[in-house]
Structures are given as C-alpha cells and as structure tokens.
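Some notes on the structure that comes next.
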Amino acid sequence: MKPPPFDYSAPDSVAEALELLQRAPEETSALAGGQSLVPVLNMRLAQPLALVDLNRVAGLDAIETTPEGRVRFGSMVRQRRLESEPLVRDRLPLLTEAAVHIAHLAIRTRGTVGGSLAHADPSAELPAAVSALDGRMLVRGPDGERTVPAADFFLGPLTTAIEPGELLVAVELEPPPPGSGSAFVEVARTHGAFALAAAAAVLHLDESGGIDHARVALAGLGGVPHVPAWLDEVAGGEAPDEALFRRVGERVRDEVEPFDDVHASAQYRKRIAAVLTARALATAAARAGQRVAA
C-alpha cells in the first residue's frame, strides 16, 4: 500500500519545526528515521495531514557531554552511532550492547535514538536500556523545554508523555560510576526480529564487593518497560551470587503480566523473563569486577 496524502515540510531549526507542529498539533507527525513511521503510514494505521521531516534540523544529531557529566544524545542521533562512538562504548556500554540487537544494520543506519524512544514499541531495545540507565527526556514545546524521567515518559504501547505540538529533542544519561557493570540480553525468534523478551541491567558494587545499587528494565512483557522498584531493597548489601539473581528473576516472573501473540505465549514470556533477569544481573556483576558465586 501507499500512504495517504499529506503536506510535507523539512525545517532547518527546532524553532521552525515547532512552529510547523503548532499549525495542526493533533494531525501532524514528526519524521525522524522513518523506520517505524513509514510502514505505519503505508499500512494506513496512521493518517496525519502533515509530516515535519527532522532530518535537516541543525543540532539534533549531536552526542556531547553536559557540564554535569551526563551524556546528551540529540534525538536524531542514528542508532548505528551507539555501536561506533568511543564515548558511548566507554561510558555507556549498555547502549552499545543493546544497539546490536536492534533490527539489522540498514535499519540502525537510518533509525534514530529519538525515533525509537518516541515510538515506544513495547518490544524495543532502547526504551528498556534508557529506563535501566534512568534516563531523562528533554521535550520542547511552545511553552519551552521540560525534562521527563524515563519512568514517566513511557505511558503505554506506542504512547509517551510527548504532547501534541511537542518534540523530543534529546535524552540525557548519566554514566554509571566506577565499579559498575551492565548487560543487555534478549530472546528473539531470529536475529533482528522483535524481542520476545529482553532485559537491561546496571549494577554497582561497593568496596567490599557487595551490591549497593542495581536496576533492571525489561522489554516485551507489557505496554512499557518493566522496572522492578523493589530491586535495591532486595539486593542492596547482598553478595552478587546466582542464588540471589535467581530469586530476583523469580519475583519478576511472578509480577509481570505479558501477553499472548502468534510468536509466544504469556507463560513462555514469564519464564524467559526470570531467566533473562538473572542472566543480565549476573553478567553485569561479573563486568563490575566481581566473580559471581555459584
């Protein structure tokens, strides 16, 4: 199929893009990499009256360090750069590891960080990775810029806190401190397919080798990334051993409410959620410099 007719604009600045979005906020879509939006248009699941193409907007494709030490990704940073940029590999290796699982090279070369986050597919890798890193979304609209924590950004399947007429301009992530490790694991029918379930983990060890912070975010198990709020309470002060991580995985299994579809049953997703949670935490702990006890 072909998309329905729409007005097309290609602004050069964020200000111009926002002005265009204000003309008909409810009926205008922003076009980033197009890897999700274009198929949706072609299937006529979305029929906006206007598209605002962000590919010429200056400054949205930058990766930079803020004065506070965070790493800021413009919304038009291509996903492929998460694999190739030394700054990302060195300071936020979880993003590099997650990016390898995103579709295929051609998709990652065109797809954008902001596009994936704004699309908010429940099975997508980047929303889970950004949630595990407790990222902050910078959303700009006619009334200025606001910061939305990842926990408040993803509202449901394909639904975010971005209001009509607003634009996701960047995401900021704080690199984990020394003594940290991270891991991203997923199960998919084939490489490049949507994840049946995935887990992103970040873990920090104190000087004695105990866990003083742990965070996990899971994809493919509901409408938004699942982040167990109780993890620090359960794991804090504990030795990073496999028995602990199995218990955490079992608790995650018991609380998630995944869905059945043609690819996997809800029961299967619950089982692999437990396995992936334990595996991601164990790998993160090992990378933090602690040999995980059997």
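The values are calculated or read from the model by the stated rules, or taken from the named source; none is laboratory data. Quick caveat: nothing in here was measured; it's all calculated off a predicted structure. Methodologically, a virtual Cβ is constructed for each residue, glycine included, from the backbone with ideal geometry; neighbour enumeration extends over all protein chains shown. Note: accessible area is taken over every heavy atom of the protein model, side chains too, but ligands, DNA and RNA are not part of it. Shrake-Rupley method; radii C 1.70, N 1.55, O 1.52, S 1.80 Å.
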(message) List the residues, sorted by chain then number, that are 5 or more residues from A188 or on another chain and whose placed amide H is less than 5 Å from its amide H.
(response) L196
(message) Which residues does the label zone of E16 cover in segment 59-82, counting backbone N under 19 Å from a point 7 Å along Cα→Cβ?
(response) 59-62, 75-77
(message) For a quick check of understanding: with a 1.4 angstrom probe and all protein chains in place, what accessible area in square angstrom does D212 have, to the nearest ten?
(response) 80
(message) Can you give me the Rg/Rh ratio for segment 214-256, using Cα atoms for both radii and the Kirkwood formula for Rh?
(response) 0.97
(request) Name the shape class, rounded, prolate or oblate, that the alpha-carbon gyration tensor gives for segment 16-89, where a ≥ b ≥ c are the square roots of its eigenvalues, rounded holds for a/c under 1.5, and otherwise prolate holds if a/b is larger than b/c and oblate otherwise. (result) oblate
(message) From the alpha carbon gyration tensor of segment 81-121, can you work out the equivalent ellipsoid semi-axes (sqrt of 5 times each eigenvalue) and give them in Å, largest to smallest?
(response) 17, 12, 9
(message) Averaging the inverse of every distinct alpha carbon separation and then flipping it gives the Kirkwood radius. What is it for the chain, in angstrom units?
(response) 19.6
(request) Please report, largest first and rounded to whole Å, the three semi-axes of the ellipsoid equivalent to segment 95-164, where each semi-axis is the square root of five times an eigenvalue of the C-alpha gyration tensor. (result) 22, 13, 11
(request) Take the solvent-accessible surface of the protein heavy atoms, probe 1.4 Å, and return the percent of it on the chain that carbon and sulfur atoms account for. (result) 50
(request) Taking the convex hull of the Cα atoms, report for segment 44-148 its projected area averaged over all directions, in nm². (result) 8.1
(message) Tell me the per residue accessible area of segment 52-93 using a 1.4 Å probe; a whole number in Å² is fine.
(response) 48
(message) Could you compute the net charge surrounding V227? Neighbours are other residues with a C-beta less than 12 Å from the C-beta of V227; K and R count +1, D and E count -1.
(response) -3
(request) For R287 and R44, compute 0.36 nm times the residue count separating them, minus their Cα-Cα distance, and round to one decimal in nm. (result) 83.0 nm
(request) Could you calculate, for segment 152-283, the ratio of the Cα radius of gyration to the Kirkwood radius, expressed as Rg to Rh? (result) 1.00
(request) For segment 216-293, count all C-alpha to C-alpha pairs, find those more than 22 Å apart, and express that count as a whole percent of the total. (result) 24
(request) Quick one: grab the alpha carbon gyration tensor of segment 55-95, order the square roots of its eigenvalues as a ≥ b ≥ c, and give me rounded if a/c is under 1.5, else prolate or oblate depending on whether a/b is larger than b/c. (result) oblate
(request) Only Cα pairs under 8 Å and at least 6 apart count here; give the relative contact order of the chain as a rounded whole percent. (result) 15
(message) If the only charges are +1 at each Lys and Arg Cβ and -1 at each Asp and Glu Cβ, what is the size of the charge dipole of segment 120-217 around the Cα centre, to the nearest 20 debye?
(response) 300
(request) Using amide H atoms built 1.01 Å from N in the peptide plane, name the residues 5+ places from H213, or on other chains, whose amide H lies under 5 Å from its own. (result) H204
(request) For segment 67-195, calculate the relative contact order in percent as a whole number, restricting contacts to Cα pairs under 8 Å that are 6 or more residues apart. (result) 31
(request) Would you mind checking the tilt of helix 242-255 against the longest principal axis of the Cα atoms of the chain, expressed as 0 to 90 degrees and rounded to 10? (result) 50
(request) Please compute the net charge surrounding E64, taking Lys and Arg as +1 and Asp and Glu as -1 over other residues with Cβ under 15 Å from its Cβ. (result) -1
(message) How charged is the neighbourhood of G141? Take every other residue with its Cβ under 10 Å from the Cβ of G141, and add Lys/Arg as +1 and Asp/Glu as -1.
(response) -2
(message) If I take every Cα pair under 8 Å that is 6 or more residues apart in segment 120-249, average their sequence separation and divide by the length, what percent do I get for the relative contact order?
(response) 26
(request) Rank by packing, highest mean first: peptides 183-195, 131-143, with packing defined as the count of other Cβ atoms within 10 Å averaged across residues. (result) 131-143, 183-195
(message) Given the options L221, I211, V252, identify the residue whose Cα lies farthest towards the positive end of the charge dipole of segment 122-260 (+1 on Cβ of Lys, Arg; -1 on Cβ of Asp, Glu).
(response) L221
(message) Give me the dipole magnitude in Debye, nearest 20, for the chain about the Cα centre, with unit charges on the beta carbon: positive for Lys and Arg, negative for Asp and Glu.
(response) 1000
